[in-house]
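The values are calculated or read from the model by the stated rules, or taken from the named source; none is laboratory data. Note that the coordinates shown come from a computational prediction; the quantities given were computed from them, not determined experimentally. Note that each Cβ is placed from the backbone with ideal geometry, even for glycine, and that neighbours are counted across all protein chains shown. Note: areas computed on protein heavy atoms with side chains; ligands, DNA, RNA excluded. Shrake-Rupley method; radii C 1.70, N 1.55, O 1.52, S 1.80 Å.
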There are 2 protein chains.
Amino acid sequence: MNPAVFIEAIQAELQRTKYGQYPPELYDPIRYIMSLGGKRMRPLLTLMATYLFTDDWKQAIRPALGVEVFHNFTLMHDDIMDQAPLRRGQPTVHERWNANIAILSGDVMLVNAYELLLDVAPDKLKAVMSRFNRTAAEVCEGQQMDMNFETRWDVTEAEYIDMIRLKTSVLLGYALELGGLIAGADAETNRHLYEGGVNIGIGFQLKDDLLDVYGDPAKFGKQVGGDILANKKTFLLIEALEKATGPLNDELNGWLTKTEFDKAEKVQAVTAIYDQLGIRQITEQRINAYFARGFANFDQLKADPTRRLLLTQFARQLVERES
Amino acid sequence: MNPAVFIEAIQAELQRTKYGQYPPELYDPIRYIMSLGGKRMRPLLTLMATYLFTDDWKQAIRPALGVEVFHNFTLMHDDIMDQAPLRRGQPTVHERWNANIAILSGDVMLVNAYELLLDVAPDKLKAVMSRFNRTAAEVCEGQQMDMNFETRWDVTEAEYIDMIRLKTSVLLGYALELGGLIAGADAETNRHLYEGGVNIGIGFQLKDDLLDVYGDPAKFGKQVGGDILANKKTFLLIEALEKATGPLNDELNGWLTKTEFDKAEKVQAVTAIYDQLGIRQITEQRINAYFARGFANFDQLKADPTRRLLLTQFARQLVERES
């Protein structure tokens, strides 16, 4: 099986899916945000996980899309809260329409996600829904923690990891677990799928933080150093704030409080502080540890080896990305 | 059976229900808005409908509360969109906390509603969820239509009725239907429950519009004429705009566009225009027609007459309210 088959199936279902018609202000933003693209990583994980245990992976397409719709709903609402002007290079919904429309369209999008998830065999429904509810609540908890962290300077590494676990990783875990649930896998298997997704997800998110500072400018899509310029509380900054003492601590705090500066100079200076503190190595170690745990979870899966390889190869791509 | 037993059961379950703990910014607003009270009309309707067909009405308490939580979620988000400062005499969530918290808290509240609705027998789950999804989407559609109407002066009576049907009445219909679904009533019965709820709901909402102008100031909780002062597009105003011609039309539009005026004078003048156009009678006829249809729906229910009386007596109270 070529993973492209899964991707094509997802795209075809995306084309087919109707979100609603009237009034257009409510449903156009859903079609708009869903059309902006993205890697469709979550539904892909669901289909791969289903295929581990059954040839009938197509039964998982609509629920898989439910996870993707949910993910895009969180983007729509997060963009309002973050006052983000752009999403995937295009105007955000609250910019193109307005905040009220983005709130309400997001609400009905969440309902749409539930409707897509409903399309599972009746005996699977309660577990699919109950695990989804837990996950969806956790994603909201992570987003609230993220907002709380913006005004705090004493965020610990453990709190930060917990925040990214909730905000982004549990949904990757659920995407995989959903495949297991649909395919009728046992509880232990579903736990390995979930934990594997969560661990890969945390590693993936930490790599995001790392690439923003140490990415190859030729390969990294965004401007390297963007997080440093924005004083964004990434794993690297939190780690540096925990580790820096004496003059290095003063220098770091100086850059964080300075309101006027040369951009290139700030990026260079903060990166130099990170270098002196060994932040890159610490972060890489942590990333590798989470990825290793994730792959160990996948190794526990009692499934056809060639099918398992599809999943681990996909995870490998996520792990080795440079942008 | 005394209806107070249902109310006590709802209150007890409200006390018991945990919405979540951490972070508190996410969950405190849910406890806050749920503590502001309200008539708990929707869960009461669900319990009464369940009791029509089974002694085990208690199985419906948590799903019934799901409808109440959903209703309060819509209030939390609507209040942001309407920039409302007060809800039941207390600061709204976005005023007491902020808009971002009200958005995110509302989101997790919607997830909480789904979790409560999940507590039905497995063979009922798909129907309960699928009908809820449809209803929830319609409530959003109604809210969007309501917002669209604010900047339109050509709203027709049919459009207005459709808006209030979606925004408020379908949820009353669903609250009743949910009881039927849980009790295992047949499709026709559930349709009568739903239609009955929708019809009573439309009548109830039109009565709201009527009381705002023709309510007894001694009994009506709010200031009589509030809708007139706010140029709110109620059934009465839409009807008057459709019916008024010549000098009366000019006079009505004059009051609608005037920016400085004596409040009492405007209320009196617009009410006089309504009187001349017979708006009160038209509205009363329409209200009575919807109520009559609702009771006709309930009359079709094949249920124990004394139990049916509980429901119709409760509906009668809604119909005859003066505040």
Over the protein assembly as shown, what per residue volume does the convex hull of the Cα atoms give, in whole Å³? 176
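Could you look at chain A and say what percent of its accessible area is carbon and sulfur, using a 1.4 Å probe and all protein chains? Don't skip to the end; give the middle numbers.
Values: 6450 of 13320 Å².
It is 48 percent, rounded to a whole number.
Show A:222, B:167 ordered by accessible area, largest first, where the area counts protein heavy atoms only and the probe is 1.4 Å. Walk me through the numbers before you get to the answer.
Numbers: A:222 125, B:167 50 Å².
Accessible-area ranking of A:222, B:167, largest first: A:222, B:167.
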Of the options A:303, A:54, A:174, report the single residue whose Cα projects farthest towards the positive end of the charge dipole of chain A (beta-carbon charges: Lys, Arg +1; Asp, Glu -1). A:54
So what's the gap between the Cα centers of region A:147-194 and region B:129-148, to the nearest angstrom? 30
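Give the ranking of A:5, A:128 by solvent-accessible surface, highest area first, calculated with a 1.4 Å probe. Write down the numbers at each step before the final one.
On the way: A:5 60, A:128 0 Å².
Output order, biggest surface exposure first: A:5, A:128.
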Please sort through the DSSP H helices of chain B and keep those with an alpha-carbon extent of at least 18 Å along the long axis and a Kyte-Doolittle average not below -1.0. B:3-16, B:41-53, B:61-81, B:99-117, B:122-149, B:170-183, B:187-214, B:263-277, B:279-299, B:305-320
What whole number of Å gives the distance from the Cα centroid of region A:1-45 to the Cα centroid of region A:88-111? 16
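Compute the Rg/Rh shape ratio of region A:20-64: radius of gyration over Kirkwood radius, all on alpha-carbon atoms. Working shown, then result.
Numbers: Rg = 14.3 Å, Rh = 12.3 Å.
Using Cα coordinates only, the ratio equals 1.16.
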Which whole number in µm²/s is D for region A:224-323 by Stokes-Einstein, with the Kirkwood Rh taken over Cα pairs at 4 °C and 1.567 mPa s? 81
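Just the projected area, averaged over all directions, of the convex hull on the alpha carbon atoms of region A:150-244: how many nm²? Walk me through the intermediate numbers first.
Working: hull surface 30.4 nm².
Average of the hull's projected areas for region A:150-244 equals 7.6 nm².
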Nearest 20 debye, what's the magnitude of the dipole of chain B about its Cα centre given +1 on Lys and Arg Cβ and -1 on Asp and Glu Cβ? 840
The whole-number value in µm²/s of the Stokes-Einstein translational diffusion coefficient for region A:272-313, with Rh from the Kirkwood sum over alpha carbon pairs at 37 °C and 0.692 mPa s, is 269
In percent, what relative contact order does chain A have, based on Cα pairs under 8 Å that are 6 or more apart in sequence? 18
Can you compute the modelled spin-label distance between residue A:259 and residue A:191, with each label point 7 Å from Cα toward Cβ, in nm? 5.4
Place +1 on the Cβ of every Lys and Arg and -1 on the Cβ of every Asp and Glu in the protein assembly as shown, take the dipole about the Cα centre, and give the residue among A:201, B:259, A:127 whose Cα lies farthest towards its positive end. A:127
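Using only C-alpha positions, report the orientation-averaged shadow area of the convex hull of chain A, nm², one decimal. All intermediate terms of the calculation are to be shown ahead of the outcome.
Values: hull surface 67.3 nm².
Spelled out: convex hull of the Cα atoms, projected over all directions, averaged, 16.8 nm².
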For residue B:87, which sequence-distant residues (separation of 5 or more, or a different chain) have an amide H within less than 5 Å of its own amide H, given hydrogens modelled in the peptide plane? B:92
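What does the charge count near residue A:237 come to, summing +1 for each Lys or Arg and -1 for each Asp or Glu among other residues with Cβ under 9 Å from its Cβ? Each step should come with its number before you reach the end.
Numbers: positive: A:232, A:233; negative: A:209, A:227, A:239.
Result for the neighbourhood of residue A:237: -1.
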Within a 10 angstrom radius of each residue's Cβ in B:107-120, how many Cβ atoms of other chains show up on average? Whole number is fine. 5
For region B:106-162, go through all pairs of different Cα atoms, get the mean of 1/r, take its inverse, and jot down that Kirkwood value in Å. 13.5
From the label point of residue A:218, set 7 Å along Cα to the beta carbon, how far off in nm is each other copy's matching point, shortest first? 8.9
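With r as the distance between the Cβ atoms of residue B:245 and residue B:151 and R0 = 22 Å, compute the FRET efficiency 1/(1 + (r/R0)^6) and round to 0.05.
Numbers: r = 24 Å, r/R0 = 1.09.
FRET efficiency, residue B:151 to residue B:245: 0.35.
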Find the all-direction average of the projected area of the Cα convex hull for region A:73-185, expressing the result in square nanometres with one decimal place. 8.4
What is the ratio of the Cα radius of gyration of region A:59-111 to 2.2 N^0.38 Å, with N the residue count, to two decimals? 1.18
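Do the sum for chain B: with -39,500 (n - 2.57) for every DSSP H run of n ≥ 4, divided by all residues, what is the mean residue ellipticity at 222 nm, to the nearest 500 deg cm²/dmol?
Values: 16 runs with 238 residues, N = 323.
About -24000 deg cm²/dmol.
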Computed on Cα atoms, the radius of gyration and Dmax of region A:1-132 in angstrom are 15.2, 44
